[in-house]
Structures are given as C-alpha cells and as structure tokens.
Amino acid sequence: MKNPLRNIELDRNLIFFGVIALCTLIILARLFHLQVLAHDHYAAIAAREHYGYSELPAHRGEIFIKDYASGENVRVATNSTLDLLYADPTMVKNKKLVADRLAPLLYVQEEARKADEDRVKTAILRAKTAEELETVKPYSDDELYQNFYNNLLEQVSSDIRPVIILGIDLTPAQTEQIRELGLAGVEIDGTGQLKAYPPQISDLKGTAQRLAGVLEIPPLQLETTLRGRNRYVVLKRKMTPEMSAQIKEMIGNDETQSFTGLGLKEEYYRYYPEKNLAANILGFVTPAGDGSYGIEAKFNMELKGKKGIFETQKDSVGRLITVGDTLIEPAVDGQNIVLTIDRAVQMAVEAKLKRAVEDYRADSGQVIVMDPKSGRIIAMAHYPSFDPNNYGTVYDREEIRLSEKEIADLVPIENQENSFWLYRNVAAQDRTLIFKKELADGTIAYEHYKNNIGPEAYQNKVVSQPYEPGSVFKVIAMAIAIDDGDVTASTTINDSGVLKVDEYEIKNVSARCTGRLNMAQVLAQSCNTGMGWIAQKIGRNLFYNYLKRFGFGERTEIEFENEHPGQLSHFSQWADSELVTKAFGQGLTTTPIQMATALATIANNGIMMQPFIVDSIEKSPGNWQKTESTVLGQIIHPESAKTIREMMIGAVEDGVSGNNRMERYFIAAKTGTSQTYKHGKPLTGAGTTIATVGGFGPINDPQFVILAKLDRPRSSEWADQTTSNLFKSVAEYLFEYYSLPPDKK
C-alpha cells in the first residue's frame, strides 16, 4: 500500500523545483534583455554618468550672389558674433559712476534722433489744441544725450523689476478669483495677462500665500518671484567691436571693482551685409537658428550643418580625467550657396521698382529678369520689402489720426480683438489694417503698420501669389493657335467688336478692334473678340493640353518653398465662355514665375528651360555642385516662336503696348491689365487692377526676359500707363549693362 504522505512530499518538491526553475528563467531572460537587447540603451546611460558632453556649434553656411562685372561672389548672408552688454543692478555699487562711464560709449546720436522723430510725430497726432501743438518740439542734441543718460542710470539702478508677468493663460475661474482677492500691486490687464508690480506690494508674504492657491504655485516660490529682484538688465545689443573693446578694457582695468555687475555676452547673429537687397529671395534666420522664408528656409538643413560632440571621461566624483580617453566628433559646418542673381542688376531693378510703386501709388510690385537660354534668374525684386537684419520691424506700428467718419466706418476683423479694416475704396478693396489701443489717460488711439502691409513683406510673391494675368496671356494663346496651324499671322477675320457666348457679350477696349483684322493686328491691338475667336478655333482639349505643356497649373519647381501652382481647371469643366476668356487671361491664374518661364520659352525658339536661382552648392570644402540647365521640352516649333516674337514687336511699335517702345532698340513685349473682384463681380477704375508687362530682347538673339507687375496702381488702371514705364526702364538698363548694340536705325 502506497504512503499518501510520500506523494504529497513529492508534489511539494516538484513545485519547489518548478518555482526555482521559473525564477532562473526569468533572471536569465532579464539578463539577456539587459546585456544584449538593451545594451546600447544602458551603455548610453553609463556613458552619460562616466563622460562629460558638450556641443560644438556648426557655422551656418553663407549665401552669395554674383558680381558678374568683377567675376566675384558677394556675401549676402553670413555670420557674425556681437556682444551684448548686461548689468546685475543688485551688484552695481556706484550706479552714477557706471552711467557716467557707459553713456558716452553706448550713445548713438542717429538712433536717438530717429526715436525722437517718432515721438514728435506721435505728439503732433495727439495734440488736441493749437496750444498743445505749439509745445511739440524736437529735443536738442544735448537733451537727447541727457535723456539717454537718465534712462541708462535708471536701468542700472533698478534693483527691483517694475513689473512681472505671472500668467497669460488664466482660466475664467482663476480670473474671477484673483479679481475678488483685490490684491494691491496685482492686476489682470486688458489682454488677460496677470501682472505683478513689486514696488507696490507691501505684504509680500500675505500676497504670495493668497495668490499661490489660485495659481497652484508653492507660496515660498511665489514670494521669491514677487520680490522682483532684478538680476539681469540688457543695456545694449549688437554692440560694435569698438564699443566692446572699450568696455572690456574698462572692466579689465577695474581695480576698485566699481564695475562689478557688468558683463558681456557673445550673441550669434545671421548678418546680411547688403541689408534689403534680395531680402525676399533670402528670407531670414530666427533666434533659434532656423531659416524662415526664402533660400534660408528651403535649404535650412544644408545651411545649418551638424553640431559636433566633445566627450571627456570623468572619475567617480565627477572630475575630468585629463589622461583618460577623449573623443571629439567634429562639427560639420553648413554648406555655402551661390545664387544666380546678378548683384548689379538686382540693385538697379529694386531701385526702379521702388520708384514705380511710389510714383504710381501701387500696393506693391514685383519684377523678374531671366535668361531664356538657361533658365537662370538674373534678378527677382519686390517692393515693399524688409531688412532681414531687423526682420521684426515689419510689425512696427505708428499712430495715425482718423476722422470721426473714418472711425465710424471701421470694420471689425473677426476673431481679432481691437483690429479693423479701414476702406479707402470699398469697390477696389483698397483697405488698410487699423489697430485700436487705450492710452494711459483713458483716451483711444489708432495705429497701423509703418510699412502698410506688416508681415506680408516677407512673402516672395513671384512664386507664391497667383493672379489672373490678363492680356499678357494673349501671347500664349496666339502661340498655341499658330503652332497648331489654326491661324497664321496673316489670317484675317471680320470683327464686329462683340462676341456673344453663353449669356455674355465679349467686348474690346480699343476702338481699333473692329472690321477686317489679321492675327498680327489682333495681338497688337489686344482684341478680346479676336482672341475669343481663336480660342474657339483651337478647342478645349487642345488648348488645355498646350497650356499644361507651357507649365500652367503646375509648379515650376524653382528652389523656393510654398510655390503656388496657379489654377487651371480641366477642360471638361469649361463653359463656352470660359474657353473664350482664357484666351485673354481670365478664368485661370498664374504666378509671375510661371508667366516669365512661358515667355522665355517663346524667346528661346520654343524650348522651355527649368527656371533656377541656385547656381551652386559647396557640398564639402572645395567641392562645389553646379546646377546644370535643364531642358523641359520643345513646347512649340521654332518657326512658331519666331512668328510670335515678330507679332510682339508689332504690339510695341504699332499697338497698345506703345509705351514700351524704345528709341534705339526693338523689343518684344505685351501688356496685360487684369481685373480684381469683390463677391465675384469685377471691379473697375484706378486701384482695382493688376498691371503686367512681359517681354524680352534683343529680338534677334534674346538675352533677357522681363516680367514687371504692379498691384493696384492708383494713378491709372492701365498697364500701358504704369507698368510699361517700369518695364522700359529695366529694359534700357539691361541693353546698356550688357553693352548690346542698337538694332534700330
């Protein structure tokens, strides 16, 4: 007979050994995980404990443009390190002595005068009576210096901060609780910010305890904050090397320690030596070191480079072991970039564009100069623009005086408190952004952006802003009709001056667009009816496919972010009227770079070239990668391109583009005046149009393509009265710059 107790003992042993085996497996599995699977992770942790790390910064790559006259590359974006001067007011003993010594070194009279001009302008606007107006006078040079000195003395004397922001995202419940507390020296301002004014707080401990519960901050921490000890005041940024040298000498020779509490700190800056030149091409770099807009954004990773790592072994108590292993992973500096831009041409075009925008009272303007044979961008200008060294100034505002009627007519902007549109012309959508603010005395003042457009100045509208091109597009439609064999330059029509399509009547601006006309006359006189007839001859399918071949509705892939493809709907969606209107540049949108590229195709015997603005990139020191010109295809036959070029000359010599006519040179050009819309209805009159002129020269061997565009000129609605003068001025400069011989007798 078996002993049951023995069976129980055997079961216990099996369970015991099973548990032991299971634990052993778990330990082995854990060791396998730690030593094999997670080896790299824990090795890194151990390394962090055993080694000291520091980063080696990489230098951002530089950007150059070409000076073709000298053959040199000119820096337009480089790097600079300038000193910041700061003070710890709690450590400055003799504050007057510090102010006495610093003021002559830091004072810049030009800056002081500029600031005083703004003060005077604002004071004039705020003056309510003639007596008040008489008291508004600019400060003398002595007064400007004394004001600077007084402000400097106040800065180094401010041991306690005058105001501290404690919170910006308060809940409604927190806001109500804080207001109910009624604490002295604490307020919630009009923007919802919670502010504390340390000099006004008499009971620091009590205020901190009562406020801490609402903000969920430890009372002792909040009490320290409310004391407002001012340990850091910036006295001057971006000091010149001369300023820095003088202050370093002053601090270094401070035997009496009178200047204890002053310090210099190096700050890295992206520096643009040419200031506004090509700013919309370049973009700028943020304080975080990232490119924004333009080439700086598109090639941010290439320009930025890669930080290096310095690694030093430490002993058990954290001290560096000088004889231990040291590993240096060197920083990789950013790649340098050379642009295709010709510095001399860019400077000249920007100056001419600025003058045109101001003379014709336009909102803005853009000009492209392009080499049709290679696709190289020679110039790309914008106005208004900005200085990338001080890119934040686009947000600068100034007070303006509004009449009672203007104030009553302000239109609030949805979801933007205290922001309004002021319409100068409602029909033309001519408006400016207005900001309302309350002054310290309770009166209301109004401001607008100093540059009138604010951060819109950053945009590269040549690639990012589509628009209806208007009659300049007739060149493309005519080229398609000729290339397809639908018409020749001598094909004639009997034009009645009206073309009925769907429920619409297409009419002309020029009275010369009636009677027997050939195609050369249709283009020269910019006849809408004749172009509509041509579109009907071409047909939807073929017209659409030719437009796609010309690149419309597609990005050119030039080296910028946010390029807009324009809008070209599929031909199956076109009404009869839409087929017709597309022939004279309505019912589709294009960008200036697309339009310039299409015109360059005609100038280049029908061969389309890829537009590009980056000439070369230095992939490694001395290893330059050159951008090669790219042929995109033979879009129209060379004979067709030659015919269109001759017809464009006729538009200048005998047609509506007459203001482009030059005394010593023939040039091919076409104007385009496109309407803008409000609620789907076209607007009319000066200030409502986009005025474009596109063309190229010399006619026998085109060296350049020019596209000039003015947005909403107010002196005249017509391109021939505004943009033609800009186009002609740029063309005259280029003929002379390239030393091209006259071809007119």
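The values are calculated or read from the model by the stated rules, or taken from the named source; none is laboratory data. All values reported here derive from a predicted model rather than from experimental measurement. Every residue, glycine as well, gets a Cβ built from its backbone with ideal geometry; the counts of neighbours run over all protein chains shown.
Listed here are the residues, each with its yes/no results for (1) among the β-branched types (Val, Ile, Thr); (2) crowded, with 16+ Cβ neighbours inside 10 Å; (3) under 37 Å from the mean Cα position of the chain (by Cα); (4) more than 30 Å from Leu402 (Cα to Cα).
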site: Lys114; (1), (2), (3), (4): no, no, yes, no
site: Arg119; (1), (2), (3), (4): no, no, yes, no
site: Glu134; (1), (2), (3), (4): no, no, no, no
site: Lys137; (1), (2), (3), (4): no, no, no, no
site: Ser157; (1), (2), (3), (4): no, yes, no, yes
site: Glu176; (1), (2), (3), (4): no, no, no, yes
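Any chance you could count how many residues in the range 610-638 are touching a Ser or Thr at 6+ places or on another chain (Cβ under 7 Å) and of a type in the set (Asp, Glu)? Full working, then the answer.
Looking only at the range 610-638, we keep the residues that are touching a Ser or Thr at 6+ places or on another chain (Cβ under 7 Å), and these are 610-616, 624-627, 629, 635.
From the residues that got through so far, the ones that are of a type in the set (Asp, Glu) too are 615.
Selection size over the range 610-638: 1.
Quick check on the range 180-190. Is at least one of its residues farther than 30 Å from Glu267 by Cα, under 33 Å from the mean Cα position of the chain (by Cα) and touching a residue at least 12 places away in the same chain (Cβ under 8 Å)?
Of the range 180-190, the ones farther than 30 Å from Glu267 by Cα are 180-190.
Keeping just the survivors that are under 33 Å from the mean Cα position of the chain (by Cα) gives 189-190.
Next cut, touching a residue at least 12 places away in the same chain (Cβ under 8 Å) only: 190.
There is at least one residue in the range 180-190 that is farther than 30 Å from Glu267 by Cα, under 33 Å from the mean Cα position of the chain (by Cα) and touching a residue at least 12 places away in the same chain (Cβ under 8 Å).
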### Message
Looking only at the range 497-526, filter to residues that are assigned to a loop (DSSP other than H, G, I, E, B) and out of contact with any Gly (no Cβ under 9 Å at 6 or more places or on another chain); which one of those is nearest to Ser471 (Cα to Cα)?
### Response
Val509
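Evaluate the following for Arg161: is it basic (Lys, Arg), in contact with a Lys or Arg (Cβ under 9 Å, 6 or more places away or on another chain) and surrounded by 12 or more Cβ atoms within 10 Å (Cβ to Cβ)?
Working: basic (Lys, Arg): yes; in contact with a Lys or Arg (Cβ under 9 Å, 6 or more places away or on another chain): yes; surrounded by 12 or more Cβ atoms within 10 Å (Cβ to Cβ): yes.
Against the criterion (basic (Lys, Arg), in contact with a Lys or Arg (Cβ under 9 Å, 6 or more places away or on another chain) and surrounded by 12 or more Cβ atoms within 10 Å (Cβ to Cβ)), Arg161 qualifies.
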### Task
Taking the residues in the range 483-496 that are in a loop (DSSP other than H, G, I, E, B) and at negative phi as candidates, determine which candidate is surrounded by the fewest Cβ atoms within 10 Å (Cβ to Cβ).
Ser490
## Note on the structure
If you go through Asp159, Asp118, Asp141, Asp169, the only one that is in contact with a helix residue (DSSP H, G or I) (Cβ under 8 Å, 6 or more places away or on another chain) and not β-branched (Val, Ile, Thr) is Asp141
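Among the residues of the range 696-718, write down those that are of a type in the set (S, T, N, Q) and either more than 15 Å from Gly606 (Cα to Cα) or touching a strand residue (DSSP E or B) at 6+ places or on another chain (Cβ under 8 Å) (or both).
Going through the range 696-718, the residues of a type in the set (S, T, N, Q) turn out to be 700, 703, 715-716.
Matches in the range 696-718: Gln703, Ser715, Ser716.
Would you call Ser70 in a loop (DSSP other than H, G, I, E, B) and either surrounded by 13 or more Cβ atoms within 10 Å (Cβ to Cβ) or modelled with pLDDT under 95 (or both)?
Working: in a loop (DSSP other than H, G, I, E, B): yes; either surrounded by 13 or more Cβ atoms within 10 Å (Cβ to Cβ) or modelled with pLDDT under 95 (or both): yes.
Spelling it out, Ser70 is indeed in a loop (DSSP other than H, G, I, E, B) and either surrounded by 13 or more Cβ atoms within 10 Å (Cβ to Cβ) or modelled with pLDDT under 95 (or both).
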### Message
Of all residues being modelled with pLDDT under 95 and among the small types (Gly, Ala, Ser) in the range 698-723, which is surrounded by the fewest Cβ atoms within 10 Å (Cβ to Cβ)? Just the residue, please.
### Response
Ser715
### Task
Looking for whichever is part of a helix (DSSP H, G or I) and at pLDDT 90 or above here; the options are Glu154, Glu180, Glu176. Which one fits?
Glu154
### Query
Mind checking which pairs have a first residue in the range 424-442 that is over 30 Å from Thr684 (Cα atoms) and of a type in the set (A, V, I, L, M) and a second that is at pLDDT 85 or above and outside any loop (DSSP other than H, G, I, E, B), Cβ under 6 Å, 6 or more apart or different chains?
Leu439/Ala445
## Note on the structure
Selection from the range 196-209 of residues touching a Leu at 6+ places or on another chain (Cβ under 7 Å) and surrounded by fewer than 18 Cβ atoms within 10 Å (Cβ to Cβ) yields Leu204
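Would you say Ala598 is in contact with a Phe, Trp or Tyr (Cβ under 9 Å, 6 or more places away or on another chain), touching a residue at least 60 places away in the same chain (Cβ under 8 Å) and hydrophobic (A, V, I, L, M, F, W, C)? Please lay out each step first, then the result.
Numbers: in contact with a Phe, Trp or Tyr (Cβ under 9 Å, 6 or more places away or on another chain): yes; touching a residue at least 60 places away in the same chain (Cβ under 8 Å): yes; hydrophobic (A, V, I, L, M, F, W, C): yes.
Answer is yes for this residue.
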### Message
Tally up the residues in the range 531-555 that are crowded, with 21+ Cβ neighbours inside 10 Å and assigned to a loop (DSSP other than H, G, I, E, B), please.
### Response
3
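Please work out which residue is nearest to Asp116 (Cα to Cα), limiting yourself to the range 133-156 and to residues that are among the charged types (D, E, K, R) and without any contact (Cβ under 8 Å) to a residue 12 or more places away in the chain.
If we filter the range 133-156 for residues that are among the charged types (D, E, K, R), which is where we start, we get 134, 137, 141-143, 154.
Applying the additional criterion that residues be without any contact (Cβ under 8 Å) to a residue 12 or more places away in the chain yields 134, 142-143, 154.
Working: Glu134: 16, Asp142: 13, Glu143: 11, Glu154: 19 Å.
The qualifying residue nearest to Asp116 (Cα to Cα) is Glu143.
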### Task
Just one of (1) modelled with pLDDT of 85 or more; (2) exposed (fewer than 12 other Cβ atoms within 10 Å of the Cβ) trips up Thr191, so point out which.
(1)
### Message
Within the range 368-478, considering only strands (runs of 3 or more DSSP E) that don't extend past its boundaries, which have at least 2 residues that are touching a strand residue (DSSP E or B) at 6+ places or on another chain (Cβ under 6 Å) and closer than 30 Å to Gly695 by Cβ?
### Response
377-383
### Task
For residues that are within 15 Å of the chain's Cα centre (by Cα) and farther than 25 Å from Arg712 by Cβ, scanning just the range 356-390, find the one that is surrounded by the most Cβ atoms within 10 Å (Cβ to Cβ).
Pro388
### Query
Residues in the range 733-743: is at least one farther than 22 Å from Ala348 by Cα and of a type outside the set (A, V, I, L, M)?
yes
### Query
Out of all the residues in the range 601-655, which are in contact with a helix residue (DSSP H, G or I) (Cβ under 8 Å, 6 or more places away or on another chain), under 16 Å from Glu559 (Cα atoms) and assigned to a strand (DSSP E or B)?
Met609, Val614, Ile617
### Task
Tell me which of these Asn276 doesn't satisfy, since it passes every other one: (1) polar (S, T, N, Q); (2) in contact with a Leu (Cβ under 7 Å, 6 or more places away or on another chain); (3) closer than 30 Å to Arg343 by Cβ.
(2)
### Task
Among the residues of the range 701-720, write down those that are assigned to a helix (DSSP H, G or I) and touching a helix residue (DSSP H, G or I) at 6+ places or on another chain (Cβ under 7 Å).
Asp720
### Query
Which condition number does Ala600 fail, the rest of (1) modelled with pLDDT of 95 or more; (2) more than 17 Å from Gly697 (Cα to Cα); (3) surrounded by 19 or more Cβ atoms within 10 Å (Cβ to Cβ) being met?
(2)
### Task
Kindly check whether there is at least one residue in the range 670-679 that is more than 29 Å from the chain's Cα centre (by Cα), assigned to a strand (DSSP E or B) and surrounded by 18 or more Cβ atoms within 10 Å (Cβ to Cβ).
yes
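Among the listed residues Thr643, Thr723, which satisfies the condition of being polar (S, T, N, Q), touching a residue at least 60 places away in the same chain (Cβ under 8 Å) and in contact with a Lys or Arg (Cβ under 7 Å, 6 or more places away or on another chain)? Lay out the reasoning, then the answer.
On the way: Thr643 fails: in contact with a Lys or Arg (Cβ under 7 Å, 6 or more places away or on another chain).
Answer to the selection: Thr723.
Which of the residues belonging to the range 455-484 are among the small types (Gly, Ala, Ser) and either closer than 18 Å to His564 by Cα or modelled with pLDDT under 95 (or both)? Walk me through it before giving the result.
Looking only at the range 455-484, we keep the residues that are among the small types (Gly, Ala, Ser), and these are 457, 464, 470-471, 477, 479, 481.
Ala457, Ser464, Gly470, Ser471, listed by residue number.
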### Task
Examine the range 225-232 for a residue that is touching a residue at least 12 places away in the same chain (Cβ under 8 Å), touching a helix residue (DSSP H, G or I) at 6+ places or on another chain (Cβ under 9 Å), surrounded by fewer than 16 Cβ atoms within 10 Å (Cβ to Cβ) and of a type in the set (D, E, K, R), and state whether such a residue exists.
yes
